[in-house]
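Undergrad: Below you will find the structure I want to go over with you.
Bear in mind that the values in this text are calculations on the coordinates, not laboratory data. Keep in mind that this is a model prediction, so the values were computed, not measured. Reconstructed Cβ throughout: ideal geometry from the backbone, glycine too, with neighbour counts over all protein chains shown.
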């Protein structure tokens with residue numbers, strides 16, 4: 001393992017649009033409503049805010065900004081928006097589209113004589129050429145950028161371009177050239193006292209010396225990196241420093257020193273709960289013990305690296321859950337505030353209208369002689385009020401439409417998070433090649449989900465149905481899926497009944513943190529297969545498992561415990577059943593979405609009986625054909641009826 005190079009981001013270290021970037025996103029959105037004169041500038045700042053955070057929001061605000069610019073001619077800000085779009089396309093590998101946006105941005109920066117903006121885009125264009133493998137073109141672009149930065153005395157841009165050229169030479173294999181440019185960049189950053197960039201430069205120079213076999217020079221730069229980290233009390237970078245120093249000692253074959261520094265790195269990573277650094281450090285330590293022929297220690301460190309990876313996964317999933325829950329609650333409160341504000345304004349408008357009518361009556365009685373004049377006055381006032389009400393209603397409608405769009409964007413983001421916790425079908429097919437998965441959520445996000453996990457000894461596959469569907473059901477599903485993963489990966493459980501017992505404990509504990517008795521829960525049918533021997537065990541909460549005998553074509557049903565995963569009175573332990581199978585037998589687990597679907601000539605439910613009949617009728621088909629047959633039968637049954645619930649059906653042929 002080698003020390004990693006620090007990548008150059010022109011986009012990040014260059015001047016953007018004044019102090020506005022220090023504002024948070026909510027403040028900027030409030031400014032949009034209260035400061036319409038500066039809308040274009042706010043749109044461009046929001047684009048910079050969202051470029052790495054949320055691509056969907058970036059494109060929405062860039063569309064609004066470009067539309068406003070086309071209408072009113074704000075080309076100065078268009079240059080910044082196009083730069084953001086170019087960076088967004090660069091990040092997803094659409095280099096041609098990124099280049100097109102960058103070139104348009106550069107032309108506008110030149111037109112408005114924004115030299116620092118021009119340097120930013122020139123550097124970004126050079127990065128695109130590098131990624132496309134056009135090294136000569138990239139070098140020419142970056143040399144032009146370097147010369148222009150020097151000409152306008154833009155030291156930050158000059159230093160960044162030197163580093164980028166160094167990276168280019170490194171990719172071409174010219175390490176001596178690379179180190180020359182990295183050192184020159186480091187000198188520039190040192191003169192600017194830009195500590196974060198100084199540390200990146202020290203790291204890059206150390207990488208070059210390590211790969212050239214100049215270990216003392218590499219260690220000297222890494223020790224300086226460590227000094228900066230200690231002065232800043234940056235525990236993470238201190239841990240990284242120890243790790244990188246250990247890698248140099250490993251290359252020097254001074255393995256005892258390498259072990260010493262890796263132990264220090266691991267101790268700090270544990271203290272700050274940085275599981276990713278722990279994983280990498282244990283992996284390096286495993287390689288060193290293997291090199292020392294201490295296979296027991298090598299295996300121990302390899303296992304600790306794997307455990308850190310599992311902890312990192314659990315930490316990431318928990319963070320996703322918290323972010324998703326917080327986002328949902330915030331948006332719900334915002335929507336309620338908008339509704340209350342709209343109602344308040346509507347009440348004020350109605351009260352104003354009543355007051356106007358009362359004045360009309362009073363004036364009509366008191367000043368009868370000027371009735372004609374008064375009538376004209378009242379009429380004009382009413383027209384004025386009507387126009388004002390119309391403007392208020394249009395403004396409220398715009399606010400509601402904008403919030404609805406933001407909420408829909410958030411739900412789509414939640415969909416990506418939910419998909420991230422679902423296993424890929426190709427991973428399932430590796431363990432169960434003769435199986436099918438029929439999964440059809442009712443809404444964008446679902447309360448039903450399938451759970452799949454594979455360890456060294458067991459395979460776990462389940463169909464789960466959480467309370468509700470849509471966003472509430474999806475929130476509960478993330479809690480339950482995370483609890484199942486922890487049972488398998490963190491608590492190392494393989495007995496399905498004990499897994500469901502522990503899952504219930506974790507889910508109830510999570511919901512109790514709200515301070516209220518949350519009645520949400522989950523019905524589930526969980527299969528566990530031993531990899532050695534192929535034995536199946538099963539446990540269920542409310543939902544059953546069906547087995548079709550290959551020889552007799554008969555169906556056997558094993559019912560689950562009559563209790564959900566959640567807060568219930570007098571809970572009992574879940575029962576584990578062993579399922580005896582022969583080659584060709586088929587197992588089915590499912591939720592209630594398919595049997596509860598309305599349709600047919602009389603608009604009745606599909607029901608479990610029909611599902612059993614159709615499964616038996618299609619049993620001679622292969623898994624893919626059987627799945628298609630069951631889908632088509634349900635679609636034909638539904639007709640023009642709307643889908644009433646999430647649909648989930650899993651079939652496994654032994």
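Undergrad: If each residue of separation counts as 0.36 nm, what is the full-extension length gain between residue 235 and residue 183 once their alpha-carbon separation is subtracted? Let's see the in-between values first.
TA: On the way: separation 52, 0.36 × 52 = 18.72 nm, distance 2.56 nm.
That works out to 16.2 nm of additional length.
Undergrad: Give me the distance between the Cα centres of segment 144-161 and segment 169-212, rounded to whole Å.
TA: 16 Å
Undergrad: Now, a different point. Would you mind pulling out the separation of the Cα centroids of segment 605-629 and segment 225-264, in Å?
TA: The two parts, judged by their Cα centres, are 61 Å apart.
Undergrad: Take the Cα of residue 303, step 7 Å along the line toward its Cβ, and report every residue of segment 473-506 whose backbone nitrogen sits under 14 Å from that point.
TA: In segment 473-506, the label zone of residue 303 (backbone N under 14 Å from the point 7 Å along Cα→Cβ) covers 492.
Undergrad: I would also like to ask the following. By how many nm would the segment from residue 136 to residue 613 lengthen if fully extended, with 0.36 nm per residue of separation less the alpha-carbon distance?
TA: Values: separation 477, 0.36 × 477 = 171.72 nm, distance 6.77 nm.
Extending this stretch completely gives an extra 165.0 nm.
Undergrad: Then there is this: Let me make sure I get this right: for segment 213-293, a, b and c are the square roots of the gyration tensor eigenvalues over alpha carbons, sorted descending. Under 1.5 in a/c it's rounded, otherwise prolate if a/b > b/c, else oblate. Which is it?
TA: Working: a/c = 2.64, a/b = 1.15, b/c = 2.31.
Taking the square roots of the gyration eigenvalues as a ≥ b ≥ c, segment 213-293 is oblate.
Undergrad: Right, something else. Quick check: from the Cα gyration tensor, does segment 425-653 come out rounded (a/c under 1.5), prolate or oblate?
TA: On the way: a/c = 1.80, a/b = 1.16, b/c = 1.55.
Oblate, since a/c reaches 1.5 and b/c is not below a/b.
Undergrad: What is segment 425-653's relative contact order, in percent, from Cα pairs under 8 angstrom and six or more apart in sequence? Write out the running numbers ahead of the final one.
TA: On the way: 471 pairs, mean separation 56.5, N = 229.
Here the relative contact order equals 25 percent.
Undergrad: Would you work out the relative contact order for segment 111-160, in percent, from Cα pairs under 8 angstrom that are 6 or more residues apart?
TA: On the way: 34 pairs, mean separation 18.0, N = 50.
36 percent.
Undergrad: Once fully extended, how much extra length lies between residue 110 and residue 292, figured as 0.36 nm per residue of separation less the alpha-carbon to alpha-carbon distance? Spell out each step's value before the answer.
TA: Values: separation 182, 0.36 × 182 = 65.52 nm, distance 5.98 nm.
Contour length minus the Cα-Cα distance gives 59.5 nm.
Undergrad: Percent relative contact order of segment 180-254, based on C-alpha pairs within less than 8 angstrom and at least six residues apart? Write down the numbers at each step before the final one.
TA: Numbers: 58 pairs, mean separation 17.5, N = 75.
Reported relative contact order: 23 percent.
Undergrad: Separate question: With r as the distance between the Cβ atoms of residue 100 and residue 384 and R0 = 41 Å, compute the FRET efficiency 1/(1 + (r/R0)^6) and round to 0.05.
TA: Details: r = 50 Å, r/R0 = 1.21.
Efficiency, from the Cβ-Cβ distance: 0.25.
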